[in-house]
Amino acid sequence: MDEPCVGEKPALTLRELEAQITELAGHLNAAHYRWLCLIAEFDRRHGWSDGATQSCAHWLNCYVPSRTMSRSQT
């Protein structure tokens, strides 16, 4: 992968790259945790129960893009 990403800052040092990677990983993990908490609350409150949907996992499969979740989350 020799091509820079769109919007990438040119010539970051390795330390700067490492710092940005680890910082972003923390943000992604925090967002993922928040997303899972929202799903848990939605499930507890049976937000998915519309008479046709069988479970929260079924609702997620229908309404959340598959690339957003891994199989282990459903």
Over the range 40-50, the set of residues in contact (Cβ under 8 Å) with a residue 12 or more places away in the chain and of a type in the set (D, E, K, R) is D43
Just to be sure before I move on: is W59 free of Cβ contacts under 8 Å to residues at least 40 places away in the same chain and in contact with a helix residue (DSSP H, G or I) (Cβ under 6 Å, 6 or more places away or on another chain) in the structure I sent? no
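To keep it simple, each residue is scored yes or no on (1) assigned to a helix (DSSP H, G or I); (2) not aliphatic (A, V, I, L, M).
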{"position": "E18", "(1), (2)": "yes, yes"}
{"position": "I21", "(1), (2)": "yes, no"}
{"position": "L36", "(1), (2)": "yes, no"}
{"position": "A40", "(1), (2)": "yes, no"}
{"position": "D50", "(1), (2)": "no, yes"}
{"position": "Q54", "(1), (2)": "no, yes"}
{"position": "A57", "(1), (2)": "yes, no"}
{"position": "L60", "(1), (2)": "yes, no"}
Filtering the range 35-66 for residues that are under 16 Å from the mean Cα position of the chain (by Cα), surrounded by 10 or more Cβ atoms within 10 Å (Cβ to Cβ) and not aliphatic (A, V, I, L, M) leaves a count of 4
Contact list, first residue from the range 24-39 and under 18 Å from Y63 (Cβ atoms) and without any contact (Cβ under 8 Å) to a residue 60 or more places away in the chain, second anywhere and among the hydroxyl-bearing types (S, T, Y) and in a helix (DSSP H, G or I), beta-carbon distance below 9 Å, six or more apart or interchain, is W35/T68
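Quick note: the coordinates plus some simple rules give every number you see, no bench work behind them. Please read all numbers here as calculations on a predicted model, not as lab measurements. Every residue, glycine as well, gets a Cβ built from its backbone with ideal geometry; the counts of neighbours run over all protein chains shown.
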